[in-house]
Amino acid sequence: MARMRFPRLLAIAGMGAVAAAVLLIGVLHAVPPTSAISPYRRTISQYALAEAGTVFNVAVLVLAAGSVATLLAVVGAGLLPVRSGGVLALLLWSVALAVVVYFPKHNWAMGPSSDGTVHRVASVVAFLSLPVGALLIGRAWRTHPRWRVHAGWVWGLGLWSLLCFAPIVGAIVAQGWTGVAWWRAIPLGAVERMLAFSEVGVVFGLAWWAARASGPTRRTAEPALRQADS
């Protein structure tokens, strides 16, 4: 019973961390002076450069901690084996979030910056690794009689995340033909916020799933675990 309760507590902590992170970043959108930052054109990381940047950094670190708790809950609930692509993807997401805070956003108009480059690379790793993990986990459980609905939601949110990233890739590719800087060719802030919304949804969905799977009616499916490990 204690073994089943611990992953459940981790899952609940993960959901609470996601909710807290969303609330903190939501406040930055609504309260001056950060409310003046355009959510349509400016990326979320722009808040880190404002006077209330500490609030943004705390929110991202809380999300990273909640993601780690969710990862441990998913493994503890038997939804993923420790050695699997899904676990690696979730771990990369969590680490990349911490790196994004440690190496803040850079104003590229001031010239190149190694910290800015690390921030940009970490952002890409975070934005891509989590949806890949969601697709792997969702695929592994898509036919399970009890968990196929949860798997479908996680898989769908992962696909949504990748689709949200597609405009960024398209703008980068088109830059050579159009001559328009990729970050100006699309409403980057809006695209990134849609992407971020889908990804916090993935973490919350995984935590909710792990909490259910850690309950009294917990069931596992070895074929699904083997597939998740592939």
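We did not get these values from a lab; they are worked out from the coordinates using the rules stated. Only a predicted model underlies this, so the values are computations on that prediction, with no experimental measurement involved. Glycine gets a Cβ as well: all are built from the backbone with ideal geometry, and neighbour counts include every protein chain shown.
Relative to the longest principal Cα axis of the chain, at what angle does helix 2-30 sit, 0 to 90 degrees, rounded to 10?
20
Select one label from (1) 1.01; (2) 1.17; (3) 0.94: the one whose number is Rg/Rh (Cα atoms, Kirkwood Rh) as derived from the coordinates shown.
(1)
By how many degrees, 0 to 90 and rounded to 10, does the Cα axis of helix 53-76 deviate from the longest principal axis of the chain?
20
Given 0.36 nm per residue, what is the gain on full extension from Val173 to Glu51 after removing their alpha carbon distance, in nm? Walk me through the numbers on the way to the answer.
Numbers: separation 122, 0.36 × 122 = 43.92 nm, distance 3.48 nm.
40.4 nm is the gain from fully extending Val173 to Glu51.
What spacing in nm lies between the two simple spin-label points modelled at Trp183 and Val31, each 7 Å away from Cα in the Cβ direction?
Going from the Trp183 label point to the Val31 one covers 2.7 nm.
Quick one: order Ser35, Ser67 by neighbouring beta-carbon count within 10 Å, fewest to most.
Values: Ser35 11, Ser67 30.
The fewest-first ordering by Cβ neighbours comes to Ser35, Ser67.
What does the helix-only formula give at 222 nm for the chain: each DSSP H stretch with n ≥ 4 adding -39500 (n - 2.57), the total divided by the residues, and the result rounded to the nearest 500 deg cm²/dmol? Present the calculation step by step, with values, prior to reporting the outcome.
Numbers: 8 runs with 166 residues, N = 230.
Helices in the chain give a 222 nm mean residue ellipticity of -25000 deg cm²/dmol.
Might you report the magnitude of the Cβ-based charge dipole of the chain about its Cα centre, with Lys and Arg at +1 and Asp and Glu at -1, to the nearest 20 debye? Could the numbers behind the result be given before it?
Working: 18 positive and 6 negative charges, 155 e Å.
In debye, rounded to 20, the chain gives about 740.
Averaging sequence separations of C-alpha pairs under 8 Å and six or more residues apart, then dividing by the length of the chain, give the relative contact order as a whole percent. Show your work: numbers first, answer last.
On the way: 367 pairs, mean separation 67.1, N = 230.
Answer for the chain is 29 percent.
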